[in-house]
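Every number here is computed from the coordinates shown, using simple stated rules; none is lab data. This structure is a prediction, so every number in the text was calculated from the model and none was measured. Positions of Cβ are generated from backbone atoms using ideal geometry, with glycine treated the same way; all protein chains shown enter the neighbour counts.
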């Protein structure tokens, strides 16, 4: 290999590293200083909103520990603690990527890979290195598994598809595991739902439009035992809800 070619390859490698780091930093730029907060949202109590990026907000339901909503255009902050107005409460703005699962159980302790009767307890959240991690306890048959979930905004190139990445770490007793019930809307393809866990499809509905067919998917995800599982969902940039 000539010296000239070797230098060019090194420069190209450095450029690619720079682009990767820049995109990662851009993705982690939070749109608000107080980017995690608990409130009523869309008339739903005990909701924790996470402003991951100006193009993606996610709200978690403190009742079942699942995703309440994923959307694009932020929050209309109203109410006593926001603008001293009595009566109004925060409302999500703009286009919705996903309406989550409410009033249903979404976390399960498993035995031999199958869900058993269990309950979830939300244990709060912590900040570290510009990230937030939610904590849960899943209990069944007098056994308890610990769950830690860290959400992050991701961007799929070159399609410019905004996405939500969830890194879920579990610690379960021997012989037990954890599964979670998932729902995502506005996917262009089933392969826009990516995981290194074990995904079992429950339903897939197609919504036809002149410009695309969008998918609504429900599935169970068996998480990697005593390890971290990553699941990423990439949404159509042209959301319709």
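Summary of computed values
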quantity	calculated
Cα gyration tensor, the range 134-241 - rounded (a/c under 1.5), prolate or oblate	prolate
Peptide ranges 50-61, 211-222 listed from the most packed, as the mean C-beta count within 10 angstrom indicates	50-61, 211-222
Label point distance in nm, residue 157-residue 230, each placed 7 Å from Cα along Cα→Cβ	1.6 nm
Over 18 Å [Cα-Cα, the range 134-184], rounded percent	46 percent
Mean separation of Cα contacts under 8 Å (6+ apart) over length of the range 125-241, as relative contact order %	27 percent
